[in-house]
1. Restricting attention to segment 77-115, which GluC sites (Glu not before Pro) occupy a DSSP loop and are surrounded by at most 16 other Cβ atoms within 10 Å?
2. Could you work out how far the C-alpha centroid of segment 14-44 sits from that of segment 66-141, in angstrom?
3. Counting pairs of Cα atoms in segment 55-138, how many percent are more than 22 Å apart?
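Laboratory data are not the source of any read-out in this text; all were calculated from the coordinates shown. What you see is a predicted model, and the numbers here were worked out from it, not measured in a lab. All Cβ positions, even for glycine, are placed from backbone atoms using ideal geometry, and neighbour counts span all protein chains on display.
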Amino acid sequence: MHETIRIGGMSVTFHATRHETADALDLFELTIPPGASVVIPHIHRNYDEWIMGMDGITTWVLQGEIVLLHRGQSVFIPRGTVHFFANLHEEMGRVLCLQTPGVMGPEYYREISQYYLDEPPNVAAIEEVMNRYGVDPLVHR
């Protein structure tokens, strides 16, 4: 396993990266504490994502539809799908994420993590990083 990257209260730990799989995939665990969420709803332009619930319950919003993801359940997010996630429950949430093809790698999460150090997170800087990695942020200012 690779290093754990902290993004605010969340953490990302890679099992396989695009660098090790000839860009075939990125595979990582995402730990989401109670009350945490991704700060920007977004679309992935160049890859699909499959999420498997490992612990707790996480809430995913896909194209406006709310999906509660429990342990052992999964959700598929095709590229181009508007999505967002949060942990609205009292226990830690943990999911396994498979992105294919591998586009982002750990470097994306290392870059993003720097902008979560600010309170509130630096949304403009996060948007810049997202755009460089083929992620379209959906923020209305």
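1. Numbers: sites: Glu90, Glu91, Glu107, Glu111; in loops: Glu90, Glu91.
Of the GluC sites (Glu not before Pro), the ones in loops of segment 77-115 whose Cβ has at most 16 other Cβ atoms within 10 Å are Glu90, Glu91.
2. So the two Cα centres are separated by 7 Å.
3. On the way: 1251 of 3486 pairs.
Within segment 55-138, distances greater than 22 Å cover 36 percent of Cα pairs.
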